[in-house]
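A.B. asks: Right, I'll just put the structure down here and ask away after.
Please treat every number below as a calculation from the coordinates, not as lab data. It should be emphasised that the depicted structure is a prediction, and the values quoted were computed from it without experimental measurement. Cβ: placed from backbone, ideal geometry, glycine included. Neighbour counts: every protein chain shown.
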């Protein structure tokens, strides 16, 4: 089991839930944030987003290609408009390549054809230049035919060392 | 631009960053949370997760199929172990079907072949039974050849009306 006593923490959280249970499903600020799963990032606190205000999509790296399904649902069904793409310094995605990770996994399961076949063409999406990656990920959304571009689509680098955002795209 | 003054909020956040800049890249509690992008969910607060403790993966619905890339990177490169899958009441994914959303998008861009082609086979992943979806999403991770199952993989329903978690799988 997880080392966090999340059951007890949640009971305490729910005991003081107040008016949060009345919040509406559509994000009140019509905002989508796409960012990394990194444990050091707390999007709500770092951006000052309150409950009910924004959709938050997170994956390894904050890759927008993998976020398209969520963005489309958010915009088309729940009325969001602006998109913030936030990637960050010291990201795990800067530390490996597809061939290196495929090799690591294949070796860890030597002789397991299921693993070998599943990983051999798997694209993990690493990148080697943070600013360029942010530009690419913003551009991807701007060019995707299913993403609405009536709002702003901007990209920021978040420094895990200082907590600061820097505009990149 | 977004209606949230996130630049100003972030300056305030960073001005009081303290020791957070010294946190390590690998999640200290070796935990992965997979949950929905819903604006009413604050995983850190609802579960009592502190900065640096857990990876948080979020997408429309909290679908684990879309989280596999992130889970693999988290486990293989950053040493995480347990996985919590959390889906929730009043989810947008309970409100539509693939054909209905495809039709809505196609009609909104009548005559645009780029949109029509992009959406015609798009799987948005709606579900019509919350508990069954949680069970399916936990099972998916347990059966994926690339996901390590040495830790626990459990599923919970989060009630946006009360803030409470309920164990489902």
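A.B. asks: Enumerate the strands (runs of 3 or more DSSP E) found wholly within segment B:54-169, keeping only those where 3 or more residues are touching a strand residue (DSSP E or B) at 6+ places or on another chain (Cβ under 8 Å) and either facing chain A (nearest Cβ under 7 Å) or crowded, with 20+ Cβ neighbours inside 10 Å (or both). Quick ask: steps written out before the conclusion?
C.D. replies: Working: elements: B:54-59, B:82-88, B:153-158, B:165-167.
In segment B:54-169, the matching strands (runs of 3 or more DSSP E) lie at B:54-59, B:82-88, B:153-158.
A.B. asks: On the basis of being in contact with a strand residue (DSSP E or B) (Cβ under 6 Å, 6 or more places away or on another chain) and over 24 Å from residue A:125 (Cα atoms), does residue B:44 make the cut?
C.D. replies: Criteria not met by residue B:44.
A.B. asks: Here's something else I'd like to know. Please determine, by comparing only the residues of segment B:5-35 that are in a loop (DSSP other than H, G, I, E, B) and in contact with a helix residue (DSSP H, G or I) (Cβ under 7 Å, 6 or more places away or on another chain), which one is farthest from the other protein chains (Cβ to nearest Cβ). Before you say what the answer is, go through the steps one by one.
C.D. replies: As a first pass, look at segment B:5-35 and keep what is in a loop (DSSP other than H, G, I, E, B): B:5, B:16-17, B:23-30.
Keeping just the survivors that are in contact with a helix residue (DSSP H, G or I) (Cβ under 7 Å, 6 or more places away or on another chain) gives B:25-27.
Numbers: B:25: 6, B:26: 8, B:27: 4 Å.
Only one residue fits best here, namely B:26.
A.B. asks: So, one more: When the residues of segment B:39-53 are narrowed to those that are more than 7 Å from chain A (Cβ to nearest Cβ) and surrounded by 17 or more Cβ atoms within 10 Å (Cβ to Cβ), which ends up farthest from residue B:72 (Cα to Cα)? Walk me through how you get there before you give the answer.
C.D. replies: Going residue by residue through segment B:39-53, those that are more than 7 Å from chain A (Cβ to nearest Cβ) are B:41, B:43, B:50.
Pick out the ones that are also surrounded by 17 or more Cβ atoms within 10 Å (Cβ to Cβ) and you get B:41, B:43.
On the way: B:41: 24, B:43: 21 Å.
Among those residues, the one meeting the criterion is B:41.
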